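Trainee: Next up is a structure, given as structure tokens.
Each reported figure results from applying straightforward, stated rules to the coordinates on display, with no laboratory input. Keep in mind that this is a model prediction, so the values were computed, not measured. FYI the Cβ positions are ideal-geometry reconstructions off the backbone, even for glycines, and counts take in every protein chain you see.
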Amino acid sequence: MNLTLKVWRQANSQAKGKMETYKMEEVSPDMSFLEMMDVLNEQLMTQGIEPVAFDHDCREGICGMCSMFINGEAHGPDRLVTTCQLHMRKFKDGDTITIEPFRAEAFPVIKDLTVDRSAFDRVQQAGGFVSVNTSGNTQDANAIPIDKHDADKAFDAATCIGCGACVATCKNASAMLFVSAKVSQYALLPQGKVEATDRVLSMVKQMDEEGFGNCTNTGACEVECPKGISLENIARMNREYLSASLKG
Amino acid sequence: MTLTASSIGRKVTMALSGIFLVLFLTQHFSINLLSVFSESLFNQVSHFMGNNPIVQFILQPILIFGVLFHFVMGFVLELKNSKSRGVKYANYKGGTNASWMSRNMIYSGIVILSFLGLHFYDFWVPEMNYKYVEVLPLNPDRYFEELVHKFESPVRVGIYALSFVFLSLHLLHGFASSFQSVGINNKYSKALKSFTTAFSLVVPLGFVFIALFHHLTAF
């Protein structure tokens, strides 16, 4: 496959970036998108051009690091995959592919395609945990009976890898799908109910302070989420938030 | 923290004011529909609505507040949302994962707001003038004639029809979305979505039908 890539290049967080065009020849359709980026970087280095900086780690759809906005969609045109799971067979010979960083005020660009997603960490730190005494007397989690449906829903919410595709995709750069997955994960389990009120209030407060936009229920986040996190979680967080607000 | 200070709180108030406006729209449609079937019944109900003190001095101010709140909050949210992504994408395919209606609520809302300006100028201002400025004598038989008179102009009927198409588009996303905003997403949501879709098509197009009916039967 011969491809034309239009890639966002930005020297650092302060620099003004722009799209650069690169030609690639003989790209294998069996390559993953990140492997194609590796080949591009080797090509650039032989030409004396600085390679494109992009985030990646596990390359098997678990870590959530790869964060490219490909041809107008977070993680590209495929569904339920991260960029590392996207393969070049999804494109055609002669295609022009635009590659941009995830864009949001809360996700500032560090360099090229890498963005700072530590806003998610701060939201998580605001309440995305269960306070457990680990002195040795901790109750075995399996000793608490949990309804199978609740356990399944909590597990589904917990599969969120915090990649930020929801924010990148949402026309408002809203983080509601991510935050609601974290809130739901605990709200559905008895271990999480103790701190439920404080958790949802603190996490939403932090989310708002980070500068994410408001959710307008377009549903784009659910479609683009590589883990298929459901909008049901957002409704649950709305309920949790309203209930917590009334409790004060 | 007040409810309107947080992003979720704002969405909830937006949803509740939207549901309130949908209820008003249902009532307005029901009364307008009477004009197709019975002139006297339409006059009777309109006279009651126009002169009942509870409707006039309690419900009407609440309605005006609801309308203003929904629009002001809509613009506040839009402003915040547009600031949340300073640098826009060079290539953004919004249509691949979300409906046109859901992505353009502000534009359909602006069309509806413009229409409301015309609607107030056409009906509400003359009504207020009749009752409270000129203080003309009560005439329980004037409403039907006034309604039909407004629909004589094809231009006005055209603007009216176009505005209701945008109202339909606005409701197709907004009505169902308001339930999600207040936390309702369960096994009944599919049925609720079907109901809100039917409502969003039938009621606005029903208003257009009423306008066309009077336009075509006026001559």
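Trainee: Name the residues of the range A:208-227 whose amide N is less than 17 Å from a point 7 angstrom out from the Cα of B:T197 along the C-beta direction?
Mentor: Under 17 Å, as judged by backbone N against the label point of B:T197, lie A:218-220 of the range A:208-227.
Trainee: Something else about it: If you take each beta carbon of peptide A:201-210 and count the beta carbons of other chains within 10 angstrom, what is the mean? List each step's numbers first, then the result.
Mentor: Working: counts 2, 0, 0, 5, 4, 0, 3, 7, 0, 1.
Per residue, the average neighbour count from other chains is 2.
Trainee: Within 11 Å, Cβ to Cβ, of B:A90, how many net charges do the neighbouring residues add up to if Lys/Arg are +1 and Asp/Glu are -1?
Mentor: Surrounding charge for B:A90 is +3.
Trainee: Let me ask you something else. Using the Cα centre of chain B as the reference point, and only Cβ charges (+1 on K/R, -1 on D/E), how large is the resulting charge dipole? Debye, rounded to the nearest 20.
Mentor: 1460 debye
Trainee: I want the local charge near B:L3. Using Cβ-Cβ distances under 11 Å, sum +1 for each Lys or Arg and -1 for each Asp or Glu among the other residues.
Mentor: Values: positive: B:R10, B:K11; negative: none.
Summing Lys/Arg as +1 and Asp/Glu as -1 gives +2.
Trainee: Step through the table entries A:K16/A:K111; A:K111/B:K93; A:K92/B:K93, compare each Cα-Cα distance with 20 Å, and write down the pairs that go over it.
Mentor: Exceeds cut-off: A:K111/B:K93.
Trainee: Have a look at B:A98, B:Y121, B:G86 and report the one farthest towards the positive end of the charge dipole of chain B, computed about the Cα centre with Cβ charges (Lys/Arg +1, Asp/Glu -1).
Mentor: B:G86
Trainee: Taking θ = phi - 60°, what integer Hz values does the Karplus form 6.51 cos²θ - 1.76 cosθ + 1.60 yield along the range B:189-205, in sequence order, with x for Gly and Pro?
Mentor: 5, 5, 5, 4, 5, 4, 5, 5, 5, 4, 4, 5, 8, 5, 5, x, 5
Trainee: Across peptide B:76-82, how many C-beta atoms of other chains are within 10 Å of each residue C-beta, on average?
Mentor: Per residue, the number of nearby Cβ atoms from other chains is 4 on average.
Trainee: Please report how far the C-alpha centroid of the range B:55-98 lies from that of the range B:182-211, rounded to the nearest whole angstrom.
Mentor: Using only Cα atoms to place each centre, the spacing works out to 20 Å.
Trainee: To the nearest Å, what is the center-to-center distance of the range B:1-33 and the range A:93-115, using C-alpha atoms only?
Mentor: 38 Å
Trainee: Which residues' amide hydrogens lie under 5 Å from the amide hydrogen of A:S174, considering only partners 5 or more residues apart or on another chain, with H built in the peptide plane?
Mentor: Those lying under 5 Å, H to H, from A:S174 are A:G213.
Trainee: Moving to a separate point now. Could you pull out every residue, at least 5 positions away or on a different chain, whose amide H is within less than 5 Å of the one on A:I97? Hs are placed 1.01 Å off N in the peptide plane, and Pro or chain starts have none.
Mentor: Result for A:I97 returns A:T4, A:L5, A:K6.
Trainee: Hey, what do the phi angles of the range A:220-227 turn into as Karplus ³J(HN,Hα) couplings, whole Hz, using 6.51/-1.76/1.60 and θ = phi - 60°, x for Gly and Pro?
Mentor: 4, 4, 4, 5, 8, 5, x, 10
Trainee: Could you name the aspartates and glutamates whose alpha carbon sits less than 18 Å from that of A:K205, not counting residues in the same chain fewer than 8 places away?
Mentor: A:E105, A:D121, A:E195, A:E240
Trainee: How much of the DSSP bridge set in the protein assembly as shown is antiparallel, in percent, rounded to the nearest 5?
Mentor: Roughly 75 percent of the beta bridges in the protein assembly as shown run antiparallel, per DSSP.
Trainee: Right, here's the next one. Evaluate the distance, in nm, between pseudo-label points positioned 7 Å from the Cα of A:Q191 and of B:V148 along their respective Cα→Cβ axes.
Mentor: Once both label points are built, they end up 7.4 nm from each other.
Trainee: Something else now. Which whole-Hz ³J(HN,Hα) couplings does the range A:200-208 yield from phi under the Karplus relation 6.51 cos²θ - 1.76 cosθ + 1.60, θ = phi - 60°, glycine and proline marked x?
Mentor: 5, 5, 5, 5, 5, 4, 5, 4, 5
Trainee: At 7 Å along the Cα-to-beta-carbon direction for both A:D150 and B:F209, put a label point, then send me their distance in nm to one decimal.
Mentor: Simple spin-label model gives 4.8 nm for this pair.
Trainee: In the range A:118-247, if the dipole is taken from +1 on Lys/Arg beta carbons and -1 on Asp/Glu beta carbons about the Cα centre, which of A:Q191, A:T138, A:M176 is farthest to the positive end?
Mentor: Of A:Q191, A:T138, A:M176, it is A:M176.
Trainee: Once label points are set 7 Å from the Cα along Cα→Cβ at both A:E209 and B:V55, what is their separation, rounded to one decimal in nm?
Mentor: Spacing of the two 7 Å Cα→Cβ label points: 5.1 nm.
Trainee: Over the range A:3-111, what relative contact order in percent results from Cα pairs under 8 Å that are six or more residues apart?
Mentor: Reported relative contact order: 34 percent.
Trainee: On a 20 Å Cα-Cα criterion, which of the cross-link pairs A:K18/B:K88; A:K193/B:K11; A:K6/A:K90; A:K23/A:K171 come out too long?
Mentor: Result: A:K193/B:K11; A:K23/A:K171 exceed 20 Å.
Trainee: Report the net charge of residues surrounding A:K205, where surrounding means a beta-carbon distance below 13 angstrom and charges are Lys +1, Arg +1, Asp -1, Glu -1.
Mentor: Net of charged neighbours comes to -2.
Trainee: Can you give the calculated 222 nm mean residue ellipticity of chain A, where each DSSP H run of n ≥ 4 adds -39,500 (n - 2.57) and the sum is split over every residue, rounded to the nearest 500 deg cm²/dmol?
Mentor: Numbers: 9 runs with 89 residues, N = 248.
Counting only the DSSP helices, I get -10500 deg cm²/dmol.
Trainee: Once amide H atoms are built 1.01 Å from N in the peptide plane, which residues 5 or more positions from A:G164, or in another chain, come under 5 Å H to H?
Mentor: Amide H neighbours of A:G164, under 5 Å, 5+ apart: none.
Trainee: B:K190: which lysines have alpha carbons under 20 Å from its alpha carbon, excluding same-chain residues fewer than 8 sequence positions away?
Mentor: A:K153
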